[in-house]
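Rule-based calculations on the coordinates, nothing more; no lab input. These numbers were taken from a predicted model, which means no experiment stands behind them.
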């Protein structure tokens with residue numbers, strides 16, 4: 001598993017050039033690769049409003065969120081992800097939920113993502129140094145792979161219930177976890193994560209009770 005160093009850039013966001021591009025109210029946290037065998041691409045991250053959603057061009061991996069976007073209790077989080085430019089190998093992108101302290105060293109969040117090879121992945125971050133696979137890299141026919149043009153569209157959902165969480169791709173429940181243990185905390189900030197060497201359009205990022 002590729003190891004990363006998480007670098008908080010938010011303190012500089014007010015004066016950094018990227019701040020002018022970032023949608024109002026949104027923040028990001030860059031996740032730089034330290035693996036010589038899987039380096040980041042050259043260039044800077046671009047995260048901009050595009051149509052009714054957002055477009056992320058990620059030479060490096062990043063988490064994006066608006067601190068105003070929080071939810072608690074039972075809810076459904078949705079987002080439609082159009083992969084515009086796949087990478088030379090499989091990288092993942094998708095939903096972040098249950099987030100807290102995203103700007104600090106005690107960052108915590110869960111993330112449900114899909115990859116261009118038709119797999120999905122659920123992970124948990126607990127502080128700068130710790131990530132945990134909740135369920136890793138499972139194939140499912142519901143996950144759309146890129147077509148001949150290199151594009152694919154996957155609608156992701158996280159359905160946080162009273163005692164379980166359902167993970168949904170294009171209307172199909174691909175996995176369920178109990179609301180306990182590694183996936184006990186679903187209250188908090190929600191957003192998106194795009195790994196490195198990807199270009200992704202995100203539409204319809206919404207939450208409903």
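Let me understand segment 45-141 better: what is its radius of gyration from the alpha carbons, and its Dmax, in angstrom?
For segment 45-141, the Cα radius of gyration and maximum Cα-Cα distance read 14.1, 39 Å.
Please work out the C-alpha center-to-center distance from segment 101-115 to segment 42-70 and express it in whole Å.
Using only Cα atoms to place each centre, the spacing works out to 15 Å.
For segment 86-158, restrict the atom set to alpha-carbon positions and state the Rg and Dmax in Å.
For segment 86-158, the Cα radius of gyration and maximum Cα-Cα distance read 13.6, 42 Å.
Run a plain Debye calculation on the chain (Cα atoms as equal point scatterers, no solvent) and give log10 I(q)/I(0) at q = 0.12, 0.16 Å⁻¹, rounded to two decimals, same order as the q list.
Debye intensities relative to I(0), on a log10 scale: -0.56, -1.06.
As a test of the formula, what do you get for the chain when each DSSP H run with n ≥ 4 contributes -39,500 (n - 2.57) and the sum is divided by the residue count, at 222 nm and rounded to the nearest 500 deg cm²/dmol?
Numbers: 1 runs with 4 residues, N = 209.
Mean residue ellipticity at 222 nm (helix-derived): -500 deg cm²/dmol.
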